[in-house]
Structure formats: structure tokens, C-alpha cells
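Working notes for the structure below.
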Amino acid sequence: MRRLAALALFALFLAATSVRADDMDSEAQQNEYGHIFGYVLVAAAGGIILLGGLYVFKGMLAEVQRGKKTGIFREAILDDLPKRKPRALYLGEKVPDWKVANRLKANGPALRFLARSDNWFDTAYLAKIATGAFKAVKAALEGRTSKKIEDRVTPEFLEEIKTEIKRLHKKGELHVFSPVEIEEIAIVHFEAPASTTKHTFTALISAKSRDYVRDDKSGEVLRGDKKYYAYQEFWRFRRTKARWVLERIRPSGDMDTVLGAKSVMTQKDLDKFAKTAEEEMLREFVAK
């Protein structure tokens, strides 16, 4: 743009000169050309001075702005980011997603079907039962008292817990789990035959907690460490007249045994469910 302006100005001067040159003799023309050339030099010098001043002004402005905060500094952005929790180590085996994918795809619609006539199989309710029992049992073992879980577990399983609590008391040990965090509850198996006393469901519970044993008096860590661990367990519940109660806990390593069994429905319920279910889903069930 600057070059075009200079050329236009120069052309204007030449045009003006040619017009006036027609009315002058040779000496006058030479004098006139000298005057015009001088004007051009003065104009060019003025333009150079103006551009130089503008360049110096921009440089000074840049120096002033250099010390100012023109945006969010990287430090401020990093400070505003949510702090990551320490990544938990994994304890035991992890059940692969592909191993439970078909089961979960089938169990979800089947449980919703059963819940239409029997709200004990409502998935949100089952998840609530499993969550409450998980936290209560871990707290009972850590606190070495079974009083708060007596109505949450079967009599047989209660005896197992009491035996473990007595052993901890006798050795002067504390089994520490807290804090306990449940990440996911997945209903991977259920039995819903005609007799309600035979109704069960098994939840794959994915959780995080500590898991170590320390001396009751000295606080010395006897087994394990104080790190936070992620793990999975299979918790099976049985239906009673009053509520669902915990019947058994299996480690994640028993996945083949737990997932190898098909979920159970009555023939009548299975026939009704089959009218809307996909063929792939039906392979996950057996009638009893």
C-alpha cells in the first residue's frame, strides 16, 4: 500500500509537469523540473520521518505492554484445574468388561421386566441394598463389632463374621478399610424361581479402600500397607420375608464360577420376556 501511494504521488507530479511544460521554453522547463524534484524529495523525506516515528512509537507501546498481563497466565490455569486424586493400586484380579458385557445387557431388561410385578427386583433398589451392606460389613470388621449388621446378613454368614472379629480381638489386631468408596454396582446374576425363598441376586462391587492390619495398641502395621487400593468382589444376597440379606462374598478371581451360572426365571416369565427380548439375551437365562 505504501509503495502504491508513493507511485501515485510521483505520477501526479509527472502529469502536472507535463501539462505545464507545454507552455514553457527549455530553460524554464529545467528550472521547473528542479523545483518539482525538490518537492518530491521533501515529500519523500517527510514520509520517511513519519514512518520512522510510527515505528518508534509501536516499539515503545510494545515495551509498556510487555510487563502487563494480557491474558490468563499458565500458572493461573493450572491452579484452577481440579486436583487429581492419587491413582489407586489394584488388588486382586479385575473382571474384564467383555466377560460381563452380555450378562449385563441381558440382566438389565430382564430385571426391569420382573420389577413390573415384583418391585424387589428394581435395579436401583438392589444397588442400594448392595451399597448399604458393603459399607456396613466393612465397618463392622474394622470396628470389631457385628451389632449393626445382624439384620443385614444370613445367620450362617453372621457366624463367619463373628469368628473373624473374635480372632482380631484375640490377637489385638485391627483390620483397616476406611475410607471406603464404591465406584460401581453391577447385577451380574439373579435367581427368580417360583418360590421367593430361593430368590437371590449377585452384585459385582467395584470399590476403593485401604486394606491393612495394624496392632491395636502400638498402631504398627502388621500386614499390608496404608495405600489406597481398587478391587472387585462378588456379593450374593438372599431374599427373606423382611429384606434382602448378604449370604456370601467371593473374590473377583471366582469370576468363572459366578458368571458361568445362568440367571434363573420361571418358565412363564421367561416365555413372556422372550416375546420382546433379543435372541442373544435369552442365552443368558434358564427356566426353573
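The values are calculated or read from the model by the stated rules, or taken from the named source; none is laboratory data. Please read all numbers here as calculations on a predicted model, not as lab measurements. Glycine gets a Cβ as well: all are built from the backbone with ideal geometry, and neighbour counts include every protein chain shown.
Could you check, for segment 252-267, whether at least one of its residues is over 30 Å from F157 (Cα atoms) and not β-branched (V, I, T)?
yes
Since E280 meets every condition but one in (1) in a helix (DSSP H, G or I); (2) surrounded by fewer than 12 Cβ atoms within 10 Å (Cβ to Cβ); (3) free of Cβ contacts under 8 Å to residues at least 60 places away in the same chain, which condition does it not meet?
Failing condition for E280: (3).
Quick one: is E184 in the same structural domain as P109 (by TED's automatic domain parsing), within 19 Å of R236 (Cα to Cα) and charged (D, E, K, R)?
Judged against the criteria, E184 is a match.
Can you list residue pairs whose Cβ atoms sit under 6 Å apart, with the first residue in segment 224-243 being assigned by TED's automatic domain parsing to the domain that holds I182 and the second being surrounded by fewer than 16 Cβ atoms within 10 Å (Cβ to Cβ) and of a type in the set (G, A, S)? Count only pairs 6 or more apart in sequence or on different chains.
Here the result reads Y231/G92, each pair linking segment 224-243 to a residue that is surrounded by fewer than 16 Cβ atoms within 10 Å (Cβ to Cβ) and of a type in the set (G, A, S).
Could you list, in sequence order, all residues of segment 255-266 that are among the polar types (S, T, N, Q) and surrounded by 12 or more Cβ atoms within 10 Å (Cβ to Cβ)?
The answer is S263, T266.
I'd like to check something: does segment 108-127 contain any residue that is under 30 Å from L222 (Cα atoms) and either part of a helix (DSSP H, G or I) or of a type in the set (G, A, S) (or both)?
Within segment 108-127, not a single residue is under 30 Å from L222 (Cα atoms) and either part of a helix (DSSP H, G or I) or of a type in the set (G, A, S) (or both).
Which one is surrounded by the most Cβ atoms within 10 Å (Cβ to Cβ) among residues in segment 128-148 that are free of Cβ contacts under 8 Å to residues at least 24 places away in the same chain and assigned to a helix (DSSP H, G or I)?
Here the answer is A136.
Take segment 149-182 and flag every residue that is among the hydroxyl-bearing types (S, T, Y) and free of Cβ contacts under 8 Å to residues at least 40 places away in the same chain.
Within segment 149-182, T163 is the sole residue that qualifies.
Which count do you get for residues in segment 234-263 that are of a type in the set (S, T, N, Q) and under 25 Å from Y90 (Cα atoms)?
Counting residues in segment 234-263 that are of a type in the set (S, T, N, Q) and under 25 Å from Y90 (Cα atoms) gives 2.
If we only count strands (runs of 3 or more DSSP E) wholly inside segment 167-271, which ones have 1 or more residues that are closer than 23 Å to K288 by Cα and in contact with a strand residue (DSSP E or B) (Cβ under 6 Å, 6 or more places away or on another chain)?
Strands (runs of 3 or more DSSP E) meeting the threshold: 181-192, 200-209, 229-239, 244-251, 263-265.
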